[in-house]
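Asker: One structure, as structure tokens, below. Some questions next.
What follows draws every value from the coordinates through simple rules; no lab data is involved. Remember, it's a predicted structure, so these values are computed and weren't measured experimentally. Here Cβ is always computed from backbone atoms with ideal geometry, including for glycine, and neighbour counts include all displayed protein chains.
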Amino acid sequence: MAMKRKLYSLNFLYGFGFTMVSKLMPAILASAKIATSAFQISLVSASYHLARSISTIYSGYLSDRFGRRKSMLVGFLVTALVAFFMLFANSIELYAIAFFLIGLVASLFYLSLGALASIIFKKKAEAFSKLEAAYQLGFIAGPFVGGALAVYMGSFELSLFGTHLHLTTPLIFLAWVIICLIGFFVSLSVPVTTVKRATVRGTIKDLSTVFRKNFIGFSLFFVVGSFTIGFVEGARDILVPLRAVDLGMGVLDVGVIFSVSAVITMIGVIPGSSISDRFGRGMGLVLGFSLVAVAFALMVSATSLVALAVLTGLLSLGRSIALATNRAFASDIIHEKFRATGLSAVDALFLFGRVVGPLAAGLLKDAIHFQDAVLFFGSVTAVVVVLSAAYYLIEER
């Protein structure tokens with residue numbers, strides 16, 4: 001039980017710090033006139049997820065090879081260092097580079113945490129949903145606290161060694177550094193894993209055998225499902241903040257939207273993901289993607305803070321249920337010796353979707369109406385609902 005609480009607290013800390021900054025970046029960049037278009041803003045989010053998609057495969061192997069604790073320590077420490085240097089960023093290019101560097105090490109943390117949880121918990125979907133609930137608890141506090149800090153000190157002028165610096169929302173980045181350092185010291189108490197260390201040749205051989213035996217499930221859960229989850233989540237992170245700015249809302253309002261959505265997700269993700277453990281992985285995907293499709297459809301007419309917050313929460317809840325189901329499916333078929341590497345296959349396509357999603361959302365937002373953009377993403381999700389239902393009826397009933 002103590003180990004489970006440590007895993008919850010670590011995911012809470014990571015979610016708190018990361019969402020405190022990342023979910024407010026579109027609004028910060030737009031309000032501070034650092035970016036001139038939605039597409040430019042999307043480059044920051046895309047750079048982070050591009051780095052994660054590049055690093056996720058080798059991160060999973062490194063976690064299996066050298067241990068979960070070392071991997072989590074590296075993730076927190078590097079993130080703290082980069083967050084400190086983001087204090088001095090003043091252009092889209094610098095923010096994009098910073099988030100790219102953070103993305104390179106983020107998978108070390110996520111995959112190590114997921115691998116530990118999949119071993120400790122008996123019910124896999126429940127394991128990932130509880131971790132997601134802890135992350136969403138951090139998500140509740142993160143954007144709200146970040147928005148409050150941005151309002152308290154939106155910018156700061158500093159002269160250092162004869163150089164004049166303009167710092168944008170410096171308290172947010174300082175708070176992120178402190179949170180990462182707390183996570184680093186908590187990670188020191190995680191025990192060293194005792195699983196036999198994996199080799200590159202053995203990992204590739206065993207995983208290729210698993211995928212051949214589960215080709216249909218792999219195609220749906222890993223390829224179609226994981227990519228679409230990232231695709232729609234990336235779109236959400238661009239379209240919702242920019243829609244709020246278009247409606248005259250500020251950075252704090254955007255923080256409230258994401259905080260409320262995190263409350264909805266935290267409340268619903270555990271009972272929602274239990275559907276996957278009880279009725280099958282296909283049904284878990286049907287439920288998750290159905291919620292996402294409905295949220296996009298209703299977002300067409302959303303013009304108030306409350307409506308945006310509730311629909312963003314519905315979308316986030318569906319995304320979390322689908323992702324927990326995907327990771328549970330991977331844990332079902334992959335031995336714990338290669339668990340982090342197997343989970344990295346899920347995350348690789350999820351993160352590729354997170355790269356494409358914000359770029360597509362930024363381009364669509366600049367080219368067409370907001371309503372048409374959300375309908376496009378809702379239509380993509382509806383197709384996956386149909387495929388998931390077909391899998392459940394054919395393979396699991």
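Asker: Apply the Karplus parameterisation 6.51 cos²θ - 1.76 cosθ + 1.60, with θ equal to phi minus 60°, to every residue of segment 387-392 and state each ³J(HN,Hα) to the nearest whole Hz, in sequence, with x for glycine and proline.
Answerer: Each residue of segment 387-392 in turn: 5, 5, 5, 5, 4, 4 Hz.
Asker: How far is it, in nm, from the label point at F85 to the one at V300 when both lie 7 Å from their Cα along the line to the Cβ?
Answerer: Modelled inter-label distance: 4.6 nm.
Asker: Show me, for segment 59-70, the HN-Hα J-couplings you get by feeding each phi into the Karplus relation (A = 6.51, B = -1.76, C = 1.60, θ = phi - 60°), rounded to Hz, glycine and proline as x.
Answerer: 5, x, 5, 4, 5, 5, 7, 10, x, 6, 5, 4
Asker: I need the calculated FRET efficiency for the pair S37 and A307, taking r as the beta carbon distance and R₀ as 25 Å, to the nearest 0.05.
Answerer: Given R0 = 25 Å and the Cβ-Cβ separation, E is 0.45.
Asker: Can you list residues from other chains, or at least 5 along the same chain, whose modelled amide H is less than 5 Å from the amide H of M249?
Answerer: none
Asker: Using a 10 Å cut-off on Cβ atoms, rank the peptides 107-113, 262-268, 48-54 from the highest mean neighbour count down.
Answerer: Descending mean neighbour count gives 107-113, 48-54, 262-268.
Asker: From the phi of every residue in segment 83-99, what ³J(HN,Hα) in whole Hz does the Karplus formula 6.51 cos²θ - 1.76 cosθ + 1.60 yield, where θ is phi - 60° and glycine or proline is x?
Answerer: 4, 5, 6, 5, 3, 9, 6, 9, 8, 4, 4, 5, 5, 5, 5, 4, 5
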